[in-house]
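Enquirer: My questions all concern the structure below.
Readers should treat all values here as calculations from the given coordinates under stated rules, not as data from a laboratory. Bear in mind that the values here come from a model prediction, so they are computed numbers and not experimental data. Every residue, glycine among them, receives a Cβ derived from its backbone with ideal geometry; neighbour counts consider all protein chains shown.
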Amino acid sequence: MEQVIALYITGALNAVLSSEHQREICRYIYNHQNTDGGWGLHIAGPSTMFCTTLNYVSLRLLGEGVDDGEGSIEKGCMWILNHGGATSISSWGKMWLSVHT
């Protein structure tokens, strides 16, 4: 999901990804969310702060709202909050979050 963040911060998100591609990226992310609300390093992996935060941020940058994804956004947010918040992300994840702000 680093690609979504990179495209967003460079202002190229909509130029590179059509609305159909953006919807498919969201669908892919939603379909690979773990039952605990987080995301892992791979589709069968346990949830991690790094992957959950980047997937959550990517969904929001793609225009998904708090109530979108049949509760997936809220579940992802709660996973992050229940595991120490986004500041608990690894230094590599902090780099991705800092370039966005």
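Enquirer: Kyte-Doolittle cut-off 1.6, length cut-off 24 Å along the helix's own axis using Cα: show which whole DSSP H helices in the chain pass.
Expert: Helices meeting the span and hydropathy rule in the chain: none at all.
Enquirer: Relative contact order for the chain: what percent, with Cα pairs under 8 Å and sequence separation of 6 or more?
Expert: Contact order relative to length: 29 percent.
Enquirer: Work out the length of the dipole vector of segment 1-99 about its Cα centre, built from +1 on the beta-carbon of each Lys and Arg and -1 on the beta-carbon of each Asp and Glu, and round it to the nearest 20 debye.
Expert: Dipole size: approximately 260 debye.
Enquirer: Here's something else I'd like to know. Which option, (i) 48, 37, 17; (ii) 63, 20, 19; (iii) 35, 29, 24, is the value of Cα extents along the principal axes in Å that was calculated from these coordinates?
Expert: This structure yields the entry labelled (iii).
Enquirer: Report the one residue of Gln33, Leu7, Gly76 whose Cα lies farthest in the direction of the positive end of the charge dipole of the chain (charges on C-beta: Lys and Arg +1, Asp and Glu -1; origin at the Cα centre).
Expert: Leu7
Enquirer: I've got another one for you. So how do Ser88, Ser58 line up by other beta-carbon neighbours within 10 Å, fewest first?
Expert: Placing the least packed residue first, the sequence is Ser88, Ser58.
Enquirer: Counting helices only, and only those DSSP H runs with n ≥ 4, report the 222 nm mean residue ellipticity of the chain as the sum of -39,500 (n - 2.57) divided by its residues, in deg cm²/dmol to the nearest 500.
Expert: For the chain, the value works out to -17000 deg cm²/dmol.
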